[in-house]
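Here the structure is laid out as structure tokens; the discussion comes afterwards.
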Amino acid sequence: MTADGIENNTLLNYNHRMLKIRFSGDRKAVRIMYIVLIAVYLILLGALFIYYTDLSHKTFEKRGSVMDLNDPGVSVEGTRSKEWREGPTAPFSKGMEYDFVITNPEKNEIYEWRTEIQFSSDFDIDSAWNGSYEKVDRTLVIVPDEVTSIVDPGKEKTFGLVMLADDEQAAGDYRLLYKINAKMTGAPLFWLLMVALVFTSATFLADELNYLRYESLRKKQEEISGILQESFETFAHIIDAKDPYTEGHSLRVAYYAKLIAAEMGYDEDEQERVYRIGMLHDIGKIGVTDLILQKPGKLDNDEYSLIQTHVDIGGEILKDFNGLKGISEGAKYHHERWDGKGYSSHLSGKNIPEITRIICVADSYDAMTSPRVYRGAMSGDFARQELIRCSGTQFDPEIVPIMVKLIDLGKVPVEL
Ligand SMILES: [Fe+2]
């Protein structure tokens with residue numbers, strides 16, 4: 001069963017409902033989720049930072065042959081570019097010029113490198129460039145100068161020397177020690193974590209701002225809703241004050257109608273709407289003279305006709321009340337009957353708005369169980385029987401069983 005009309009169909013109310021759904025859960029749990037997520041990203045970034053810092057301080061070692069021109073990775077290659085005979089008085093008989101190149105095909109620069117190159121026989125160093133040299137037996141230890149010591153990614157640096165020896169000399173194996181200046185910003189994982197961190201933080205912030213906005217709106221709405229509720233109740237008291245015997249009638253009818261609506265599956269907003277419509281259903285009595293409303297004894301036909309005008313007066317009073325859909329109909333049609341014999345529009349069956357049919361049952365029950373100026377209160381059992389007896393004639397046969405159920409459960413009647 002559905003409510004006959006959705007009141008909140010504006011975009012503003014739709015947005016408000018969305019916010020309500022979004023923030024109606026456990027806010028603390030949502031906040032913890034965001035904080036944990038951000039903490040995880042920060043921890044991973046920290047771990048990544050430590051890893052790269054360690055990597056930058058680690059010394060790598062590479063071994064190979066300087067004559068191998070296809071040595072993969074960071075490597076040292078060497079060629080003998082010149083060779084000549086020394087004079088008879090020279091300590092060594094031959095002079096040789098060696099050119100070396102250190103290649104860095106990696107993605108990070110290398111620095112603080114040094115290499116040790118083995119030679120096949122004894123030698124001496126005459127001169128060198130782009131580095132300093134030390135001879136230990138047949139091993140040449142080469143330490144680059146300031147310019148040569150850093151090799152950019154994908155680049156190479158050259159160095160060389162003039163060697164003096166007696167025999168044919170051959171440069172052989174080398175051992176290269178170096179460090180990598182590994183940059184964390186070069187790792188895709190770093191950027192992935194940064195994007196995730198920024199996105200999560202921004203979402204968290206936006207969510208918090210929305211939540212604060214929602215909370216402020218909710219408080220304002222509660223305030224307005226409270227004022228509205230009190231206004232409706234005040235109107236209900238004004239209506240009931242027209243006849244001291246009907247004290248509390250409007251509020252009770254509203255309350256019973258709301259209970260019925262809840263049983264019929266109306267959501268909370270719709271139940272509230274039924275409640276408010278119920279409170280003003282008799283507003284038309286304001287336009288009926290007290291002399292008739294408060295007249296003891298039986299009314300004559302003219303007087304009864306005058307009383308009946310309260311439905312049209314009520315409908316007229318509320319006709320421009322557009323903020324609460326169905327309120328005018330609630331006043332105008334609450335004395336219509338299921339069989340069409342009610343007043344004043346003679347609607348029947350489901351042509352009578354559903355909320356009005358609900359109010360009709362609630363109104364009749366309360367009217368029967370309350371004392372009137374012209375009679376005492378009827379018993380609850382009698383009123384219950386009357387509802388059943390008139391189900392399908394005066395009352396909606398689907399609503400009567402619901403009201404009867406509420407009576408049997410002891411939820412109705414109530415003292416308000
Ligand atoms: Fe009425």
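Below are the figures for this structure:
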| item | result |
| --- | --- |
| The stretch 149-290, dipole about Cα centre (Lys/Arg Cβ +1, Asp/Glu Cβ -1), debye to the nearest 20 | 340 debye |
| Square roots of five times the Cα gyration tensor eigenvalues for the stretch 242-408, Å | 22, 20, 15 |
| Order by protection proxy (mean Cβ within 10 Å, highest first), peptides 181-187, 159-165 | 159-165, 181-187 |
| Given Lys258/Lys350; Lys58/Lys107; Lys325/Lys350; Lys219/Lys332; Lys82/Lys179; Lys220/Lys332, the pairs whose alpha carbons are separated by over 23 Å | Lys219/Lys332; Lys82/Lys179; Lys220/Lys332 |
| Distance cut-off 30 Å, percentage of C-alpha pairs in the chain lying past it | 64 percent |
| Charge dipole (debye, nearest 20) of the stretch 295-416; +1 at Cβ of Lys and Arg, -1 at Cβ of Asp and Glu | 180 debye |
| Size of charge dipole - the chain - debye, nearest 20, with Cβ of Lys, Arg +1 and Asp, Glu -1, no other charges | 1520 debye |
| Average projection area in nm² (convex hull over Cα atoms of the stretch 117-202, one quarter of hull surface) | 8.0 nm² |
| Extreme residue, positive dipole direction of the chain, given options Phe199, His310, Pro401 (C-beta unit charges) | His310 |
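Taken together, the values in this text are just the output of simple stated rules run on the coordinates, not laboratory data. This one's a predicted model, so the numbers in the text were calculated from it and none came from an experiment. In this analysis, Cβ positions are derived from the backbone assuming ideal geometry, glycine residues included, and neighbour counts consider all displayed protein chains.
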